[in-house]
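Note sheet for the following structure.
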Amino acid sequence: MTGHKEKFDPRFKIAHREARIGVGLVLFNFLWWFGFAYGLGSKPVEEYSYVLGMPAWFFYSCAVGSFVMIGLVIFVVKTFFKEVDLEEDEEEENPS
Amino acid sequence: MNWEVVIPLLFFLLSIFIIGFWATRHIAAKNDFLQEYFLGSRELGGLILAMTMVATYGSASSFVGGPGAAYSQGLGWVLLSMSQVATGYFVLMILGKKFAIKARQYKAVTLVDYLKGRYDNSKVVVLLSAISIIIFLFSAMAAQWVGGARLIESLTGLSYTSALFIFAVSVIVYVIIGGFRAVAVTDALQGIVMFFGTLIILIGTIVAGGGMENIMTDLMNENPNLVSPFGHDGSLTPRYVSSFWILVGVGVIGLPQVAVRAMSYKSAKGMHRALIIGTIVVAFMMFGMHLVGVMARPILPGIEVADTVMPSIAMEVLPAWLAGIVLAAPMAAIMSTVDSLLLLVSSTVVKDVYLNYVNPDATKKKVKTISFGVTAVLGISVFAMSLSPPDLLIWLNLFAFGGLESAFIWPVVLGLYWSKGNKYGAITSIVVGVGAYSIIHNIWPEPFGMHTVTLPVLLSFIGYIIASLLTQDENKIEH
């Protein structure tokens, strides 16, 4: 009934790979965010160092982190993402 | 009335109406009314797709409630808000091309259509999901309208009721006449306004506070916790803040108004562009808006009502005419969320309930009349509900989001990638998700120091898996 009969569609192989990349990116994003924020931000406030006027934890976790993620998204999209035709190119698939 | 502030807002409203009327021409020209009205005939390009995603999601909570919370919590709240950067790429990457292809195969116009196609036309799945969408998004909409009206109230000095009236009429008119295409294109315009609005107010606030270093010193002198990641009283624990990655980060994938956009784009190329643009825009806006909220504190100390932080700081640090332009941004944020919700609830009523079960043979003309009519009736009922507004804007809003995420994230994601998932799994997942959310929200809020959404999402995952595995045999027999 459900997914079992799913025909092999080469487009789905590409889609599955891209979804895995998405999971990888979000894990990396979380680790970067968490690591810098609590790694540098957990000490007493008096001992904070500052970059461009911002506390270092905040600068690296939030500001730099955003640029890193933007850069990574551009990189993976340009390098790994493939263009596929989204329309129905095979004959009508039986939806049951 | 402060005309220098009001004129840019009026101009903004006018442009939105023009877009609405432009979009009606498409509706007249297309053969498939439902596909066009509720999905824009799947013709969105990269920029519009990215903007409509960000704008739909970046709602009153990011532009009004969020900066207000950052004002009282400090940099820890900016940190929390940065979990939303993930939404810029995660939704489109995970649902991705497979969702777009499947949606086309099922000829799905709504998220419920997709679920219907995936889960063997199960009536229970369709009705359960339609009901959850209608209830939850209706309350989310009301919360947003209150935000929009409060904003107009504080900007123009009109009474709350007149402000709500102006807001309601503007939104209802262009959504009814223009449908999804009008919503998406106005979202793009609103997204651009939000982007530049954020930029201007960020610069204005840094300058007014005497530079970043100065602002941070002022904050530290007031309360050192404000520059720590732990909130003004140290109550933002890492675990609590991290759990927002589910609520406003990855969980967003389960929001019907977001997911439906992932089936609306024209080509893979457009999706690729949207990934890049979306990530840039969402990262910048979340960072900028929340940071402005924190920096507003030394400049305008002692603001009592959190929702007024944004408008107050804009009027304080910018010349009036520029403040008018910038304040069109939160207005845009709210409108672009509300319009999407209104259309989504309307599509659920028309497409998922009426056409599925009430009158499947409705003529094209009838469908058209019903669609316009339902959208109008919904809009007017939300207006009526918002007349005596509930106080907790964020609360209502997040309640709706959390409930929907718990209901839909697994039926959508596992339905896409796990071939053993079936309708029993989906039904269990929706029931457990919504049920657990409502119960935990009321009797055991924030279990284990995490946001309420965490546990229901986990439970609905377990429910989906177990129910699907237990009913594998039945599937074979039925076959």
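One table, with the values for the structure above:
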| read-out | value |
| --- | --- |
| Segments B:113-121, B:303-311 sorted - mean Cβ within 10 Å per residue, highest first | B:113-121, B:303-311 |
| Alpha-carbon Debye profile of the range B:3-394, log10 I(q)/I(0) at 0.10, 0.11 Å⁻¹ | -0.63, -0.75 |
| Whole-percent carbon and sulfur share, accessible surface of the range A:10-80, 1.4 Å | 74 |
| Positive-end residue, chain B charge dipole about Cα centroid, Cβ charges, pick of B:Leu10, B:Ile133, B:Leu80 | B:Ile133 |
| Prolate/oblate/rounded call for the range B:1-124, Cα gyration tensor, a/c under 1.5 rounded | oblate |
| Assigned charges on the beta-carbon of Lys, Arg, Asp, Glu; the protein assembly as shown dipole about Cα centre (debye) | 1420 |
| Accessible surface, the range B:3-394, averaged per residue in Å² (probe 1.4 Å) | 30 |
| Amide H within-cut-off set for B:Thr110, under 5 Å, with H built and near neighbours excluded | none |
| In the range A:1-85, GluC sites (Glu not before Pro) in a DSSP loop with at most 14 other beta-carbon atoms within 10 Å | A:Glu6, A:Glu83 |
| Cut-off under 5 Å, modelled amide H: who pairs with A:Val51 long-range | A:Ala56 |
| Cleavage-rule hits (trypsin sites (Lys or Arg not before Pro)) in the range A:1-74: DSSP loop, at most 14 neighbouring Cβ within 10 angstrom | A:Lys7 |
| Three-way shape call for the range B:336-375 based on the alpha-carbon gyration tensor, with the a/c threshold at 1.5 | oblate |
| Prolate/oblate/rounded label for the range B:89-155 (Cα gyration tensor, a/c 1.5) | oblate |
| Per-residue mean of C-beta atoms belonging to partner chains within 10 Å, peptide B:334-343 | 0 |
| Peptides ranked, highest mean first, by Cβ atoms within 10 Å: ranges B:334-347, B:5-18, B:241-254 | B:334-347, B:241-254, B:5-18 |
| Accessible-area value, A:Phe12, 1.4 Å probe, nucleic acids and ligands omitted, Å² | 10 |
| Per-residue average of Cβ from other chains inside 10 Å of B:351-364 | 0 |
| Accessible area buried, both sides summed, chains A and B with 1.4 Å probe, Å² | 5000 |
| Complex-versus-alone comparison for the range B:92-108, residues with a loss of 30 Å² or more in accessible area, probe 1.4 Å | B:Met93, B:Ile94, B:Lys97, B:Lys98, B:Ile101, B:Lys102, B:Arg104, B:Gln105 |
| Other protein chain Cβ atoms within 10 Å, averaged over every residue that makes up A:19-26 | 6 |
| Chain B, relative contact order in percent, only Cα pairs under 8 angstrom and at least six apart counted | 31 |
| Of all accessible heavy-atom area on chain B, the percent that carbon and sulfur account for (1.4 Å) | 69 |
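The values are calculated or read from the model by the stated rules, or taken from the named source; none is laboratory data. Keep in mind it's a predicted model, so treat the numbers as computed, not measured. Please note: Cβ atoms are built from the backbone with ideal geometry, for glycine as well, and neighbour counts cover all protein chains shown. Side chains are part of the model used for accessible areas, which takes the heavy atoms of the whole protein and leaves out ligands, DNA and RNA. Shrake-Rupley method; radii C 1.70, N 1.55, O 1.52, S 1.80 Å.
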